[in-house]
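Comments concern the structure below.
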Amino acid sequence: MRRKFIAGNWKMNHGPAATSEFFSKFGAELKDAKEVQEAVAAGTEEIAFFVPAVSLLTAVNVAKELPVIVGAENMHWEKSGAFTGETSGPMITEIGATHVLIGHSERRHIFRETDEELNKKVHAAIECGLVAVLCVGETLEEREGGKAFDVIKRQFVEGLKGIDGETLAHKMIIAYEPVWAIGTGKTASDADAEEVCGFIRGLAKENFCDKTAGELIILYGGSVKADNTKGIISQADIDGVLVGGASLKPDSFMQIVKNAL
Ligand code: 13P
C-alpha cells in the first residue's frame, strides 16, 4: 500500500509572520482531527508544505511539534557560488527542510527552466538528501494538439536521466499538474487525471521496473479543493494532491487532508 501525500504549495505567498500564524492555526486544527493524527502516526498519510525560501526557517521552527513535512519550492543545482538570488540544496537542508519541488510549471513556463536544468536540480537535491518532487504537465495548447503524452514522457525521461529506480521510488515523488488546471478553477476530471497518472506509472514501469512503478508516489495538482479531493484521491494511480490556492488557509487545507483519508 502506497502512503498518501497531501501537500500545499504556497507559491509566493505567506512571509514569516503569516507562516507562523498559519502553523499555530493548523496545529489547533490538527489537535481536533484525531483520525488525521492516527493516519500520520501510522505512516499512511503524510502532510507537507512547500513554502517560500524566506519562510522556510520559520516554518521548520514553528512546525517542529507538528507531524508535518516542510519543503522548499525550488533550488539551484550548485552548492554555492555566484548565483545571485538563488538558494542551494545544502542551505535548505541546513534549515531543516527535507523536501523540494523541482520544475513546477511556473518555474518551467515563467522562468523558462529546461528539462536539462531540472535534471541537474534533481541530482543535486538527491545528493544532499532532499526528497525531490518532480512536477510534470502539459499546457492547454499541447493537450488540444494531442501532444500531452509526448510532453509528459519527455519531462519524465529527461528530468530523471541518470536516476535509478530505487531513488525514484524512495527519494522522489512525481506530481502531475496540467498547466491549464492551475489557478484556473478548471480541475482535470477524475478520469483525465487518472489517465495521465496511470500513463506516468506506465513510464516508470517501462523505464525502470514493476517494483519501482508499484512503489512510486504520484500526485495530482491543479484547482484541488476540499470538494473534489475525494474523487481525485480515489483514483488507482493517484496517491496524493499538490494544492495551491486552497492550501493557504489552515481550515480549507485541513478539510482536504481529512477528505483524502
Ligand atoms: P491551484 O491549486 O491554485 O490550482 O495550484 C496548483 C499548483 O500549482 C500546486 O502546485
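Quick notes
- Qualifying positions in the range 214-231 - in contact (Cβ under 8 Å) with a residue 60 or more places away in the chain, in a loop (DSSP other than H, G, I, E, B) and surrounded by fewer than 23 Cβ atoms within 10 Å (Cβ to Cβ): ILE217
- Qualifying residue in the range 1-17 (condition: more than 16 Å from the ligand (Cβ to nearest atom) and assigned to a helix (DSSP H, G or I)): yes
- If you go through the range 81-124 and keep only what is of a type in the set (Ser, Thr, Tyr), more than 16 Å from the chain's Cα centre (by Cα) and surrounded by 15 or more Cβ atoms within 10 Å (Cβ to Cβ), you end up with THR87, SER88, THR93.
- Restricting attention to the range 185-198, the residues being part of a helix (DSSP H, G or I) and over 18 Å from the mean Cα position of the chain (by Cα) number 4.
- Residue in the range 226-233 that is within 17 Å of the chain's Cα centre (by Cα) and closer than 22 Å to THR139 by Cβ present: yes
- Top-ranked residue in the range 72-103 [being in contact (Cβ under 8 Å) with a residue 24 or more places away in the chain, in a helix (DSSP H, G or I) and not small (Gly, Ala, Ser); ranked as nearest to the ligand (Cβ to nearest atom)]: ILE92
- Those residues of the range 5-27 which are touching a residue at least 60 places away in the same chain (Cβ under 8 Å) and surrounded by fewer than 21 Cβ atoms within 10 Å (Cβ to Cβ), in sequence order: LYS11, ASN13, LYS25
Rule-based calculations on the coordinates, nothing more; no lab input. Predicted model only: the values in this text are computed from it and were never measured. Glycine also receives a Cβ, built like all others from the backbone with ideal geometry; neighbour counts cover every protein chain displayed.
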